[in-house]
1. Most mobile of A:Ala278, A:Ala115, A:Ala146 per a Gaussian network model of chain A (Cα springs, under 10 Å)?
2. Loop-only check: which GluC sites (Glu not before Pro) in region B:290-388 are DSSP coil with at most 11 other Cβ within 10 angstrom?
3. Under the classification rounded if a/c is under 1.5, otherwise prolate if a/b is larger than b/c and oblate if not, where does region A:171-312 fall, given a ≥ b ≥ c as square roots of the Cα gyration tensor eigenvalues?
4. In the protein assembly as shown, which Cys residues have no partner Cys with a Cβ closer than 4.7 Å?
5. Dipole magnitude of chain C about its Cα centre, charges +1 at Lys/Arg Cβ and -1 at Asp/Glu Cβ only, in debye to the nearest 20?
6. Along the charge dipole of the protein assembly as shown, which of C:Leu52, B:Val172, B:Phe57 sits closest to the positive end, that is, farthest toward it, with unit charges on the beta carbon of Lys, Arg, Asp and Glu (+1, +1, -1, -1)?
7. For chain B, what is the mean residue ellipticity at 222 nm derived from helices alone (per DSSP H run of n ≥ 4: -39500 (n - 2.57); sum divided by total residues; nearest 500 deg cm²/dmol)?
8. Mean Kyte-Doolittle of at least -0.5 and a Cα length of 15 Å or more along the axis: which whole DSSP H helices of chain B meet both?
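Each value in this text was obtained by applying a stated rule to the coordinates, not by laboratory testing. Bear in mind that the values here come from a model prediction, so they are computed numbers and not experimental data. Please note: Cβ atoms are built from the backbone with ideal geometry, for glycine as well, and neighbour counts cover all protein chains shown.
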Amino acid sequence: MKVGIVSYGAYVPRYRITPEEIGKVWGVDGKAMSKGLMINCKSVPAPDEDTITIAVEAARNMMKRCEVSPKDIGAIYVGSESHPYAVKPSGTIVAEAIEASPHLTVADFEFACKAGTAAIQTCMGMVGSGMVKYGVAIGADTSQGAPGDALEFSASAGGAAFLIGSEKTIATIDHTYSYTTDTPDFWRREGEMYPRHGGRFTGEPAYFKHVTSGAKGLMAKTGLKAGDYTYAVFHQPNGKFPTRVAKQLGFTDEQVKTGLIAPMIGNTYSGAVPLGLAAILDEAKPGDKIFAVAYGSGAGSDAFDITVTNDMDGFQRQKAPTVKELNSNLKFLDYATYAKYRGKIHLGSE
Amino acid sequence: MRRVAIIGIGDTEFGELWDLSFRDIGIQAGLAAVADANITADQIDALYVGNMGAGRFIEQEHIGALIADYAGLARDHIPATRVEAAGASGGLALRQGFQAVASGLHDIVVVGGAEKMMDVSDVESAMIQSSAADQEWETILGATFPALHALIARRHMHEHGTTREQLADVAVKNHKNGSLNPKAQFQREIKRETVLASPMVSSPLRMFDCAPSSDGAAAVVLCPLDMAKKFTEVPIEIIGSGQASDTLALHHRKDICTMEATKVAARRAFDMAKLTTKDVDVAEVHDNFTISEILAIEDLGFFKKGEGGRATEAGLTSLEGEIAVNTSGGLKARGDPIGATGLAQAVEIVAQLRGKAGKRQVKDAAVGLAHNVGGTGATVVVHLFRRA
Amino acid sequence: MATAPRFWREYPSRYNLVGFKCNNCGKTYFPPRAICPVCHRKSVGKIEEVKLKGTGKVYSVTEVHDTLDELAMMKPYLVAIVEMDEGPKLTGQVIDCEPCDVAIGTPVRVALRKLSEEGSAGVIHYGYKFVPVKDSTGGSVNIRVMT
């Protein structure tokens, strides 16, 4: 049975802050950071937004674009590293909010930035084995960077939801391959507000090793090369890493540019590849092939070989905002407001 | 139904009464009323107490028994009842007392109202007051009690052209009256500019558009009219009583610029009294927000719908105006200890009709009206009074 | 604020705008009730759960400066009475806009957001808020487009 994407939806909060604004406060050259990271601005969630509200909005956008009844959804998995609760799943609220309850299974996933794609793989298995008719995989985050830390310039908020099924798919996921090791490049202990990372250790032995291995593993499976794809999207903690790894793997700027959403949105962690994939699906045509590799610290990569089907022609994309549209009507914040929104400063009465 | 008179009135100052407890203020007002009525404890047949939120303000329920006890009436075992209808608790308690005497069940009844609001924080107080609105479908969604009145004001400005300045004129007039009332919480006159420059609470309403939180108590003594001359030279008869309810949530009303319950309660009171709006000389209306007074004077029939702002601006509701409204200073300047307000209104009207309102006296006041509102208009109680 | 069970009971209405239609008089109401406020006992057995579409127009609006604790992080914020397309009016915050974007008559659509939390260790309450729209398809107001 061919399994693939039946529908998808995205959501990014409308608030932004620039590296210049952040740099001003910490005595860092924000403009240089911006250039170095290839990030013009990052998204900031409003005080009343969190991973759950983002996941719900993305899932509702996904449902608006298809005719599938929520009662036919057999599984919902939400992947994030900023679930509002440590214990009590985000997925059950999504399930109620899209009226899929109660005859389904739900669980939350965590694997740093690849929790959303791990959810996609699980849905593929659930659907492919006949266990469920449709599964929903969501990658969403409202990750935090510690004040004054390099990650503060990029950690942002957003997410995308994918309806996985075997009928009327707008894109089939023909192959998937994962590469996983125990590599402590970036982590957050229970109860800590901010993550820690290994500085330059997060580069070669972590991101690059796993993304490259994931990509090569997938190519070995499919027998295809970079040139066989129309689009490519890689995990994007900033604009620099995916651009470099794409080049290393033989992909061109042209193939990578549509899915590269970090420059305007920042690093949405579990939402990074999902949003990049959504941006690609926003313009992809029947026959287009998509190469996607997500990376999660800790560490591992999930790689996907995706082919857009003829059913994409009838897809009601216009029923929900595209990633480009989510990058409009923006409001730019100063650092103080950003710190308030992100809970870095608290009301005195708390 | 028997005819009912007020033979005694009493009240405390209204304001931040740090040295006085809830029991203190309740008893102080009650004692003053009882002394004014020239009655003794053993003559009291029943007690009604209006109070909205003692359970949360001072963590005390069972208010009826509490006041009866501290009034020294415990060993007389009189029936003591606490009445609650949010802001209309006092007016409703008065009505319950009126019904008790009118029905023949009791002869001499003391009705009081008391609220001790200052012992909790501002934030806690706001939350308690917001329980007068619809908790599930208004408050939880972010609408504070002032915000709901601001929504009324915004719509009234949109539909009827009421201006920001006209709202301010309500506060200016009431502070002017309050400056003549030695028991008022605020006794200083203010200007339009004071209101317009005060901090925004919920647009367009600013701090000076909102009545304060207060501590205070007021009480009256009722008895059958045909007995009244035994106790007082000037009995004031309650000639009409009307009560009405409406949807709890503001958004469920037919028209948010009209308090239907005011119109219906007023009609019922006027029907009972066989009088009309034109017969009223002095009125105490529920101005917990300036917009509320504008709605009140329209819905009570003093002015056409939409004309309340303009009438206020033209001075038609001042002490010397066509209809003197809130001669005590209203909730805005006299203060608003929630459960006491309805009784404070009655106390003011009685003073006016007795000719004892001092510098606030409305010339030849013969018929008075008291209008008390709960929530954003979900309960309204209207009473009419006349010198007997 | 609301305790967990009290809030949970109303999830269908708070998450999905579930109201009811009285099949006796045909009118739609929100929130759900046991009987129709107009038809009373004639509506018993004729009450049908109905989900509002989530679109409507602002009926009145105010900017709240003096807030309850739960919303202190968002003040000042807008609160409006919104007249939904199906008829019922709801009260809620209007978000993701500037106060000047919202006036009586502005079209809005519903979004799920955090209403409050029972403290940092307590349950989070989610519910409906309103976002202004430019057109009937529910697209957002376009003030500035970044390319």
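1. Largest GNM mean-square fluctuation: A:Ala146.
2. B:Glu320
3. prolate
4. Within the protein assembly as shown, the cysteines lacking a partner Cβ under 4.7 Å are A:Cys41, A:Cys66, A:Cys113, A:Cys123, B:Cys210, B:Cys223, B:Cys257, C:Cys25, C:Cys97, C:Cys100.
5. 720
6. C:Leu52
7. -11000 deg cm²/dmol
8. B:22-36, B:89-102, B:145-160, B:260-273, B:338-354
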